[in-house]
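Enquirer: There's a structure below that I have some questions on.
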Amino acid sequence: MRGSSTPFPLDGGRAGVGGARAGFAEEGAKGFVDSASCARSSDDGSNTPTQPSPVEGEGFSNFVRDDRKPGSLVRRAKALRAKPTWTEARLWDRLKLLPVRFRRQEPMGAYVVDFVCHRANLVIEVDGGVHELPEVALRDLGRDGWLNAQGYLVLRFSTRQVERDIDGVVATIRDAASNRLKRVI
């Protein structure tokens with residue numbers, strides 16, 4: 001059984017830094033902070049954590065763990081991952097070589113995007129000829145609007161662009177990711 005001075009599992013084992021029982025331990029126990037020491041330490045900044053929060057970093061975005069994706073959307077994404085188009089497969093082979101991590105056929109909200117880099121908040125879509133139809137183009141505008149509202153930049157490329165100039169497409173993606181990350185990749 002855990003004692004009252006056991007640190008919260010996500011605080012990296014640093015007792016007294018935080019956790020579920022921070023400030024509620026019995027007097028004299030590890031991690032106990034009285035109001036006088038709080039007042040003293042808040043002035044000098046010594047209570048500032050030295051490591052980033054465990055929920056920061058690659059793979060986390062504006063979507064919280066509580067945002068559960070409907071099962072049908074996840075099944076659709078898995079099916080799309082299992083049978084990529086030729087141009088998606090070719091672009092995916094090139095995206096894997098970049099120094100930032102992309103995911104393919106990723107559920108986001110009510111949509112499944114072709115490729116996404118959460119760190120750069122960048123979505124890549126490869127559009128076939130059907131996206132030239134007015135009703136599909138209108139649906140794409142709504143989708144892009146929602147993704148932009150979430151903080152993502154959406155880059156759309158036609159299958160012809162990927163087939164004819166994959167180097168140019170990858171260079172555009174690399175430039176966009178570099179600009180979003182504010183560093184050269």
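Enquirer: Search region 98-123 for residues that are in contact (Cβ under 8 Å) with a residue 12 or more places away in the chain and pair each with any residue that is part of a loop (DSSP other than H, G, I, E, B) and polar (S, T, N, Q) when their beta-carbon atoms are under 6 Å apart and the residues are at least 6 apart or on different chains.
Expert: Qualifying pairs under 6 Å: His118/Ser61.
Enquirer: In addition: Considering each of Val116, Val123, Val136 in turn, give the residue that is among the β-branched types (Val, Ile, Thr) and either over 17 Å from the mean Cα position of the chain (by Cα) or open to solvent by 10 Å² or more (accessible area, probe 1.4 Å) (or both). Steps first, please.
Expert: Working: Val116 fails: either over 17 Å from the mean Cα position of the chain (by Cα) or open to solvent by 10 Å² or more (accessible area, probe 1.4 Å) (or both); Val123 fails: either over 17 Å from the mean Cα position of the chain (by Cα) or open to solvent by 10 Å² or more (accessible area, probe 1.4 Å) (or both).
Of the residues listed, the single one that is among the β-branched types (Val, Ile, Thr) and either over 17 Å from the mean Cα position of the chain (by Cα) or open to solvent by 10 Å² or more (accessible area, probe 1.4 Å) (or both) is Val136.
Enquirer: Filter region 140-183 for residues that are at positive phi and open to solvent by less than 90 Å² (accessible area, probe 1.4 Å) and give the result. So that I can check it myself, show each step before the final result.
Expert: Taking region 140-183 first, the residues at positive phi are 151, 182.
Matches in region 140-183: Gly151 only.
The values are calculated or read from the model by the stated rules, or taken from the named source; none is laboratory data. Predicted model, so just to flag it, every value in this text is computed and none were measured. Reconstructed Cβ throughout: ideal geometry from the backbone, glycine too, with neighbour counts over all protein chains shown. Accessible surface is based on the protein model in full, side chains and every heavy atom, while ligands, DNA and RNA are left aside. Shrake-Rupley method; radii C 1.70, N 1.55, O 1.52, S 1.80 Å.
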